1. From the list L414, L355, exactly one residue is over 23 Å from P216 (Cα atoms) and not small (G, A, S). Which is it?
2. Please verify whether segment 404-417 includes one or more residues that are more than 23 Å from the chain's Cα centre (by Cα) and among the basic types (K, R).
3. With a cut-off of at least 1 residues that are acidic (D, E) and assigned by TED's automatic domain parsing to the domain that holds G63, name the helices (runs of 4 or more DSSP H) lying wholly within segment 108-220.
4. Which of (1) in contact with a strand residue (DSSP E or B) (Cβ under 9 Å, 6 or more places away or on another chain); (2) modelled with pLDDT of 95 or more; (3) not in a helix (DSSP H, G or I) does I378 not meet, given it meets every other one?
5. When the residues of segment 333-370 are filtered to those that are small (G, A, S) and touching a helix residue (DSSP H, G or I) at 6+ places or on another chain (Cβ under 7 Å), which remaining residue is nearest to N208 (Cα to Cα)?
6. How many residues does segment 384-419 hold that are part of a helix (DSSP H, G or I) and either over 30 Å from K165 (Cβ atoms) or touching an Asp or Glu at 6+ places or on another chain (Cβ under 7 Å) (or both)?
7. Looking at segment 356-377, I want the residues that are in the same structural domain as S345 (by TED's automatic domain parsing) and have a partner that is in a helix (DSSP H, G or I) and among the acidic types (D, E) with Cβ atoms under 6 Å, at least 6 apart or on another chain. Which pairs are those?
8. Could you grab me the full set of residues in segment 383-412 that are in contact with a Ser or Thr (Cβ under 7 Å, 6 or more places away or on another chain) and surrounded by 14 or more Cβ atoms within 10 Å (Cβ to Cβ)?
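The values are calculated or read from the model by the stated rules, or taken from the named source; none is laboratory data. What you see is a predicted model; the values in this text were computed from it and never measured. Backbone-built Cβ (ideal geometry, glycine too); neighbour counts: all protein chains shown.
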Amino acid sequence: MHLNILERRKSTIFFRKQKKFSVIRRTRKWNCKLGKKILYVTNYYLDDVVKQRHSEPYISQAGQNKGRYIMDMLRTGGNDVIVWSNAWTNSHSLKFYRGFQSEEDSSLYYSDIVGIPGLNAYVCLASSKRFLRKLVKKQKIDVIIFYNMRLENSKLALYAKKHFKIPIILQYEDGLTNDANIRGLKKLVYQNMEQEVLGQLDGAFLVNSKIQVPCPSVVIRGAIRDREKSRTEKCLPDTDHIPKLLFSSTLDRQRGIGVLLEALAYTKEDFILTITGRGEAEQQVRAQKDRRIRFLGYLDYAAYKKELEETDICLNVQLAHHEFGNFSFPSKIFEYLSAGKLVISSDVADTKEALGDTLILYGEDDPRQLAAAIDRAIAIQKNEKERQIYQNKIAAVVEQNTIDKVAERVNRLLEKVANSHSKHIQGE
């Protein structure tokens, strides 16, 4: 909802006495020898901002999950993380909304926005600069990590480096200039932004090993929280019920929804295919006559987790032969594996290199090959011996990709960036 003037003032004063103390307590909690004070600039948000802005979630559930585990991973490594989010939540209201500190997470702050596409980026950027100036007056920020090449995020990072000498690390994925949904002038703006940012980076988190950047980097395809590790031991489902398949993603061409729908014509197996998400292909999904399809639209996190828990086989059908795939990795695969699920996947990016025969892979973005993979997964699901073999493979992957192990790799990069930055400052 809209805030009145007094409420706005209260919600936007960053260092109110009680809030300041809560931030200090978080610092002590996560303090360690290598711990850094990090400002994480991203699009992550919680339900409080969706309600305030009378809108619906804009970032996909997979994107939300990615932001959540990046924060968890940084904190697991002993770092103190403040999150700054533009919280652009698909509001086209033409109204102005004041930023505020989240009541659900005291480390999360939202920028001002205006419900006008295009203009909103500049409103977010102005709000972000004000926030940063207040923040650096109160505490030292060791590094800024910013999500992707989004205009408002990138401009803030460059501003921080120029005016406050803060090193910047890019969380790089999706290759926005290769996203089929970004066209025309907007694409040109992002192309120019990429060139400017790549020349200023101190480090990068890369989503796959094929991406090349001119700075130190670490590959973070995904991570598994320790509390999820035990799930793989509990997921040996009953073989007598109808198999349940899950596809949860943005419904557009590059995520492969068209290939999946076409593949259904080539498999006669009996199963329930639950599809969740929203996007340009939503009406195409709704128009399907195949009775095996169960379409739920966009789900909140709790509903999504419930669907995942009840699923036997998960699908990632992102197009491998699409430029977008070269700059992405379906990190949701790690969430599926951590839940002990069989996973069918295209051979997008470096999926085969990273996870090998843990997945049931198919090639060439071919509906017939995908149908064969579905049949194969169902056969494994019904065969106790084969299912156990895959469960053992899944358990090994889970063990190798726990969040604490990813945090160790990230901390090494943070330390390298800090040392390099310190030498650079001393040399000036």
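1. L355
2. Yes, there is a match, as at least one residue in segment 404-417 is more than 23 Å from the chain's Cα centre (by Cα) and among the basic types (K, R).
3. Where helices (runs of 4 or more DSSP H) fall fully within segment 108-220 and carry at least 1 residues being acidic (D, E) and assigned by TED's automatic domain parsing to the domain that holds G63, they are 151-164, 184-198.
4. Condition not satisfied by I378: (3).
5. So the residue we want is A349.
6. Of the residues in segment 384-419, 22 are part of a helix (DSSP H, G or I) and either over 30 Å from K165 (Cβ atoms) or touching an Asp or Glu at 6+ places or on another chain (Cβ under 7 Å) (or both).
7. Pairs that qualify, where the first residue is in the same structural domain as S345 (by TED's automatic domain parsing) and the partner is in a helix (DSSP H, G or I) and among the acidic types (D, E), are P367/E262.
8. Q391, K393, I394, A395, V397, V398, I403, A407 - these are the residues of segment 383-412 that are in contact with a Ser or Thr (Cβ under 7 Å, 6 or more places away or on another chain) and surrounded by 14 or more Cβ atoms within 10 Å (Cβ to Cβ).
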